[in-house]
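Asker: Before anything else, here's the structure in question.
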Amino acid sequence: MTKLAPTALLLCASLAACQPPGGQEAANSAIADNGLANNGADNMVEPRRSILRPEVVPTVEEPKIEPEEALIGFGALSLQLDDAAKAALDALVTTPAMQAGGRVALRGHSDSRGTDGDNRVASRRRAERVRDYLVEKGVAAERITLVALGETRPIAPNAKEDGSDDPEGRAKNRRVEVRVTPPPVVIPPPVPVGAPDAEKP
């Protein structure tokens with residue numbers, strides 16, 4: 001009995017040394033719980049980040065705006081816009097190229113009746129009628145350019161093969177050709193990664 005007592009005491013002492021005190025265990029558990037809570041809160045606040053670098057992230061391209069063209073005839077009224085011409089210009093004003101602020105080129109034409117100088121003046125007046133109508137519809141005058149071409153570019157014969165007058169052909173030649181060119185697309189230069197905010201567009 002006396003021989004077993006030291007062994008039993010040694011075993012009890014070893015077991016007691018392996019067990020942490022009750023208060024210390026509670027403190028360790030509280031610290032661990034607090035650390036997990038703080039870590040979870042940090043993860044919730046942290047914004048999601050892309051794994052792709054900014055320079056390789058695909059960009060969505062805007063739809064391309066195409067140029068617009070219209071032919072405004074002055075067949076019935078030599079120097080005035082008729083209802084068909086006004087309807088064509090109204091439709092042109094609503095196109096994407098016009099709404100985007102593109103440049104508007106007006107090329108006036110005439111038939112071959114009269115002198116070259118008179119025909120050039122008449123072609124310019126037709127272009128001016130179209131310009132004035134577009135300005136009334138809200139198109140800025142500084143966007144519009146006029147070119148008077150007179151009788152130099154007919155699209156139909158002014159006379160028949162026997163030399164007699166061709167009123168229908170001359171009516172087709174009295175016209176204004178309108179072309180709306182979309183404004184150029186300005187692409188900002190790439191910003192180097194890590195550039196100061198002052199250098200960013």
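Asker: Would the range 112-132 turn up any residue that is of a type in the set (A, V, I, L, M, F, W, C), in a helix (DSSP H, G or I) and in contact with a helix residue (DSSP H, G or I) (Cβ under 9 Å, 6 or more places away or on another chain)?
Answerer: Just the residues of the range 112-132 that are of a type in the set (A, V, I, L, M, F, W, C), to begin with: 121-122, 127, 130.
From what's left, in a helix (DSSP H, G or I): 121-122, 127, 130.
Next cut, in contact with a helix residue (DSSP H, G or I) (Cβ under 9 Å, 6 or more places away or on another chain) only: 130.
So far as the range 112-132 goes, yes, one or more of its residues are of a type in the set (A, V, I, L, M, F, W, C), in a helix (DSSP H, G or I) and in contact with a helix residue (DSSP H, G or I) (Cβ under 9 Å, 6 or more places away or on another chain).
Asker: What number of residues within the range 62-92 are of a type in the set (A, V, I, L, M, F, W, C), touching a helix residue (DSSP H, G or I) at 6+ places or on another chain (Cβ under 9 Å), open to solvent by less than 60 Å² (accessible area, probe 1.4 Å) and farther than 17 Å from Asp111 by Cβ?
Answerer: The number of residues fulfilling the criteria is 4.
Asker: Working only within the range 147-176, note down all residues that are buried (at least 18 other Cβ atoms within 10 Å of the Cβ) and part of a strand (DSSP E or B).
Answerer: Matches in the range 147-176: Ala148, Arg175, Val176.
Asker: Being of a type in the set (A, V, I, L, M), open to solvent by less than 80 Å² (accessible area, probe 1.4 Å) and within 26 Å of the chain's Cα centre (by Cα) narrows it down to one residue among Val121, Val139; which is it? It would help to see each step written out before you state the result.
Answerer: On the way: Val121 fails: within 26 Å of the chain's Cα centre (by Cα).
Going through Val121, Val139 in turn, just one is of a type in the set (A, V, I, L, M), open to solvent by less than 80 Å² (accessible area, probe 1.4 Å) and within 26 Å of the chain's Cα centre (by Cα): Val139.
The values are calculated or read from the model by the stated rules, or taken from the named source; none is laboratory data. This structure is a prediction, so every number in the text was calculated from the model and none was measured. A quick note on method: Cβ atoms are made from the backbone with ideal geometry, for glycine too, and the neighbour counts reach across all protein chains shown. Areas reflect the complete protein model, heavy atoms only, side chains present, ligands, DNA and RNA absent. Shrake-Rupley method; radii C 1.70, N 1.55, O 1.52, S 1.80 Å.
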